[in-house]
Amino acid sequence: MKTHVREAAAAIAALSMAVALAACGGGDGGSADGADGGPKIGLLLPDATTARWEMDDRPLLEKKIRELCPECTMEHANAKGDVAVQQQQVDSLIIKDVDVIVLAAVDARALQPAVQKADDANIRVVAYDRLAEGPISGYVSFDGQEVGRLQGRALLDAMGDKADGGRIVMMNGDPTDPNAAAFKKGALSVLEGRVEIAKMYDTPGWTTEHAHTNMAGAISTLGPGNIHGVYSANDGLAAGVVSALKANKISPLPPITGQDAELGGVQRIVIGEQYMTVYKPFGPQAAAGAEMAVALARGESLDGIAGETVSSPTAQAVPAVLLTPVSLTVDSIKDTVVKDGVYTIDQICTPKFKAACDKAGLT
């Protein structure tokens with residue numbers, strides 16, 4: 001915890017703080033319990049579109065921080081996909097004199113000035129899941145290229161005899177998210193030379209709606225019978241892909257990939273609308289992020305936490321924890337998300353999915 005007065009705070013105080021302060025201390029429990037005078041840790045999440053942020057990452061991070069540092073105080077905010085809002089949230093945390101910010105950036109490049117401003121105020125920043133630019137002190141995520149390779153291999157397996165020369169559509173993620181570039185690079189390393197990539201799209205904001213629109217355009221251009229597989233970078237995009245295919249009455253659906261093991265994605269896998277997803281155990285990621293944040297808040301080294309280093313366009317040799325993702329298909333649901341307690345069988349196998357669950361051996 002710091003006792004000095006930051007000159008940066010005075011410069012920021014002139015900003016309109018109504019939005020930012022409300023975002024960091026709103027009725028959703030923005031300020032978590034902690035002892036007065038203890039370290040202060042801010043948690044900034046990028047959007048409410050992807051279910052994992054509020055359903056998995058936030059509660060896991062907060063729980064682990066409390067375990068490691070009962071005296072810590074926490075502040076939470078979600079930018080809901082708005083870069084300007086997240087910049088205001090960083091400003092708010094600077095004024096609140098936090099010691100560390102755990103940042104899952106809306107836009108890794110656009111947040112660079114905000115990260116720099118935090119660093120100038122002697123606030124350490126842990127880049128969480130996305131490698132934000134600027135002077136970050138630590139990074140925790142999954143191996144993004146391996147995510148793409150898992151998706152590419154699974155897609156080829158599912159395509160069967162269409163794996164050599166078949167036509168696919170690639171539905172990539174948000175071009176402002178460096179993870180999306182890593183997923184794409186990994187997938188292309190597997191797919192190029194094996195299949196024809198007939199259409200490729202980036203998806204601003206990772207939104208289901210954009211994916212639906214893009215997929216509908218691909219169907220119109222290529223023809224409903226000429227798409228043999230769809231690389232979808234995550235489960236939200238897969239939902240849009242599926243809805244567009246079904247709206248065009250395409251049956252059976254071509255194999256479709258995903259990522260994040262969202263409940264809806266797992267249920268689509270059960271009924272055969274989506275072939276696979278990439279399961280990234282959020283517990284170990286949140287634990288590593290919490291350990292980094294607490295260590296930095298206490299002025300400790302990350303040497304015992306981070307076993308690797310990464311570099312961004314603006315920072316070199318950043319201490320990092322890179323975790324291993326897992327491919328999930330219908331045959332591995334029990335051994336992954338159910339075994340790890342992410343979902344129960346009852347949560348997956350609601351009445352709508354019971355027959356398919358029975359067939360898959362889940363019930």
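I'd like to know if region 76-94 contains one or more residues that are buried (at least 20 other Cβ atoms within 10 Å of the Cβ), in contact with a strand residue (DSSP E or B) (Cβ under 7 Å, 6 or more places away or on another chain) and either assigned by TED's automatic domain parsing to the domain that holds Asp340 or at pLDDT below 90 (or both).
no
Given the residues Val242, Val169, which is the only one that is of a type outside the set (Ser, Thr, Tyr), touching a Leu at 6+ places or on another chain (Cβ under 8 Å), assigned to a strand (DSSP E or B) and buried (at least 18 other Cβ atoms within 10 Å of the Cβ)? Please lay out each step first, then the result.
Numbers: Val242 fails: assigned to a strand (DSSP E or B).
The match here is Val169.
Residue under question is Ala182, and the condition is that it be within 24 Å of the chain's Cα centre (by Cα) and among the small types (Gly, Ala, Ser); does it hold? I'd like the intermediate steps shown before the answer.
On the way: within 24 Å of the chain's Cα centre (by Cα): yes; among the small types (Gly, Ala, Ser): yes.
For Ala182, the condition - within 24 Å of the chain's Cα centre (by Cα) and among the small types (Gly, Ala, Ser) - is met.
When only residues in region 336-355 that are hydrophobic (A, V, I, L, M, F, W, C) and closer than 16 Å to Thr277 by Cβ count, which is farthest from the chain's Cα centre (by Cα)?
First, pick out the residues of region 336-355 that are hydrophobic (A, V, I, L, M, F, W, C): 337-338, 342, 345, 348-349, 353, 355.
If we keep only those that are closer than 16 Å to Thr277 by Cβ too, we end up with 337-338, 342, 348, 353.
Working: Val337: 17, Val338: 20, Val342: 16, Ile348: 21, Phe353: 26 Å.
For region 336-355, the residue satisfying everything is Phe353.
I want to confirm something. Restricting to region 245-274 and keeping residues that are β-branched (Val, Ile, Thr) and assigned to a loop (DSSP other than H, G, I, E, B), which single residue is surrounded by the fewest Cβ atoms within 10 Å (Cβ to Cβ)?
Within region 245-274, the subset β-branched (Val, Ile, Thr) is 250, 256-257, 266, 269-271.
The next check asks that each one be assigned to a loop (DSSP other than H, G, I, E, B); those that pass are 250, 257.
Values: Ile250: 15, Thr257: 35.
Per the criteria, the residue is Ile250.
Go through region 341-363 and give me each residue that's of a type outside the set (Gly, Ala, Ser) and farther than 14 Å from Leu263 by Cβ. Walk me through how you get there before you give the answer.
As a first pass, look at region 341-363 and keep what is of a type outside the set (Gly, Ala, Ser): 342-354, 357-359, 362-363.
Matches in region 341-363: Pro351, Lys354, Asp358, Lys359, Thr363.
Taking the conditions exactly as written (at pLDDT 95 or above and either within 21 Å of Leu253 (Cβ to Cβ) or part of a loop (DSSP other than H, G, I, E, B) (or both)), does Gly160 satisfy them or not? Reasoning before the result, please.
Numbers: at pLDDT 95 or above: yes; either within 21 Å of Leu253 (Cβ to Cβ) or part of a loop (DSSP other than H, G, I, E, B) (or both): yes.
Spelling it out, Gly160 is indeed at pLDDT 95 or above and either within 21 Å of Leu253 (Cβ to Cβ) or part of a loop (DSSP other than H, G, I, E, B) (or both).
Select from region 320-338 the residues that are within 17 Å of Gly265 (Cβ to Cβ) and surrounded by fewer than 17 Cβ atoms within 10 Å (Cβ to Cβ) and list them in ascending order.
Restricting attention to region 320-338, the residues satisfying the condition of being within 17 Å of Gly265 (Cβ to Cβ) are 325-338.
Answer for region 320-338, where residues must be within 17 Å of Gly265 (Cβ to Cβ) and surrounded by fewer than 17 Cβ atoms within 10 Å (Cβ to Cβ): Thr329, Asp331, Ser332, Lys334, Asp335.
Listed here are the residues, each with its yes/no results for (1) of a type in the set (A, V, I, L, M, F, W, C); (2) within 25 Å of Asn179 (Cβ to Cβ); (3) in contact with a helix residue (DSSP H, G or I) (Cβ under 7 Å, 6 or more places away or on another chain); (4) in a strand (DSSP E or B).
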residue: Val310; (1), (2), (3), (4): yes, yes, no, yes
residue: Ala320; (1), (2), (3), (4): yes, yes, no, yes
residue: Asp331; (1), (2), (3), (4): no, no, no, no
residue: Thr336; (1), (2), (3), (4): no, yes, no, no
residue: Val342; (1), (2), (3), (4): yes, yes, no, no
residue: Gln347; (1), (2), (3), (4): no, no, yes, no
residue: Lys352; (1), (2), (3), (4): no, no, no, no
residue: Asp358; (1), (2), (3), (4): no, no, no, no
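Against the condition surrounded by fewer than 22 Cβ atoms within 10 Å (Cβ to Cβ) and not in a helix (DSSP H, G or I), how does Glu209 come out, does it pass? Write out each step before concluding.
Numbers: surrounded by fewer than 22 Cβ atoms within 10 Å (Cβ to Cβ): yes; not in a helix (DSSP H, G or I): no.
In short, no.
If only one of Ala118, Ala110, Ala127 is buried (at least 24 other Cβ atoms within 10 Å of the Cβ), outside the structural domain of Met276 (by TED's automatic domain parsing), small (Gly, Ala, Ser) and not in a strand (DSSP E or B), which one is it? Full working, then the answer.
Values: Ala110 fails: buried (at least 24 other Cβ atoms within 10 Å of the Cβ); Ala127 fails: not in a strand (DSSP E or B).
Unique residue meeting the criteria: Ala118.
The values are calculated or read from the model by the stated rules, or taken from the named source; none is laboratory data. Note that the structure is a prediction, hence the values are computed from the model and not measured. A quick note on method: Cβ atoms are made from the backbone with ideal geometry, for glycine too, and the neighbour counts reach across all protein chains shown.
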